[in-house]
Amino acid sequence: MTEPENNDGSSAVQLAHVTRTYKRDEFEVRALDDVTLDIPRKSFVAIMGPSGSGKTTLLNLITGIDHVTSGRVAVGGEEISTMNEREIAAWRARHIGLVFQFYNLIPVLTAFENVELPLLLTHLSKVDRKTHVESALKAVGLADRLGHYPRQLSGGQEQRVAIARAIVTDPTILVADEPTGDLDAKSAEEILILLTQLKTQFHKTIVMVTHDPRSERFVDTVYRLDKGVFTGAEKGGTSTKTPASPRISA
């Protein structure tokens with residue numbers, strides 16, 4: 001692929017000749033090697049590849065958790081590879097929603113309280129926070145689980161709470177690291193359907209790292225990495241599956 005031009009508004013993520021290396025003793029590990037790719041806005045994409053291919057490193061660069069050794073990363077039209085730590089933290093809070101494989105819910109907090117956590121860093125009033133949290137939990141089909149603790153939820157429901165927490169601030173991009181990796185087949189498919197709905201109904205850009213081959217049916221594009229090298233992109237499949245009951249209210 002050619003190097004991305006200046007963002008014209010159609011790209012959510014642009015990487016241009018990105019390399020990330022790490023020093024381990026006297027050895028240099030090249031986690032990413034001259035990666036150039038472009039992820040369109042309002043798309044649901046999967047980053048796939050074998051273990052050690054650089055998927056998580058790529059995700060960390062997109063979210064500003066890690067920094068490039070060389071090259072350029074632009075997200076939502078902003079070049080984040082030149083930001084300092086304070087700038088990147090403020091940018092991440094505004095624009096990135098994170099979903100993890102193991103949910104990362106706080107056991108002593110209810111679903112409502114877990115989802116509310118990111119809003120405690122904003123200037124929203126308690127009333128406004130309540131409205132946002134209830135809307136997010138309704139969007140993931142858990143309006144009737146506000147007062148439940150993580151131990152009272154299934155794995156699929158816990159991941160839904162985690163997704164609600166990620167979308168409650170209305171981020172520009174939702175970033176998911178192996179969101180189905182700890183789920184059974186049925187729950188995994190329900191989560192993939194939910195992510196597809198978030199893209200379609202709320203026009204979210206969703207970037208997902210996954211090993212799950214089932215995800216290829218749900219995403220728009222699959223980006224493949226191997227040994228730190230971007231080997232190409234291919235069109236995802238089309239899933240016609242729908243959930244048994246509506247999960248999101250428009």
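The values are calculated or read from the model by the stated rules, or taken from the named source; none is laboratory data. No experiment lies behind these values; they were computed from the predicted model shown. Using ideal geometry, Cβ is built from the backbone for each residue, glycine included, and neighbour counts are taken over all protein chains shown.
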Unmet criterion (only one of (1) within 21 Å of D177 (Cβ to Cβ); (2) at pLDDT 95 or above; (3) surrounded by 15 or more Cβ atoms within 10 Å (Cβ to Cβ)) for T56: (2)
Test: residue in the range 138-145 that is surrounded by fewer than 18 Cβ atoms within 10 Å (Cβ to Cβ), closer than 18 Å to N114 by Cβ and either in contact (Cβ under 8 Å) with a residue 24 or more places away in the chain or among the β-branched types (V, I, T) (or both): yes
Selection within the range 155-175 - closer than 16 Å to S135 by Cα, charged (D, E, K, R) and at pLDDT 95 or above: R160, R165
Residue satisfying all of: in the range 154-197; over 18 Å from L105 (Cα atoms) and among the charged types (D, E, K, R); nearest to the chain's Cα centre (by Cα) among these: D170
Failed criterion for V45 (all others in (1) surrounded by fewer than 20 Cβ atoms within 10 Å (Cβ to Cβ); (2) out of contact with any Lys or Arg (no Cβ under 9 Å at 6 or more places or on another chain) hold): (1)
Pairs, first on the phi > 0 side of the Ramachandran plot in the range 13-34, second assigned to a strand (DSSP E or B) and modelled with pLDDT under 95, C-beta under 6 Å, six or more apart: none
Pairs where the first residue, in the range 190-202, is closer than 16 Å to G97 by Cβ and the second is assigned to a helix (DSSP H, G or I) and of a type in the set (G, A, S), C-beta under 7 Å, 6+ apart: I191/G156
Residue pairs meeting the criteria (Cβ under 6 Å; at least 6 apart or on separate chains; first touching a residue at least 24 places away in the same chain (Cβ under 8 Å) and at positive phi, in the range 43-70; second surrounded by 20 or more Cβ atoms within 10 Å (Cβ to Cβ) and not polar (S, T, N, Q)): G49/K55; G49/L225; G54/A31; G54/L32; G54/L225; G54/G228; G64/I80
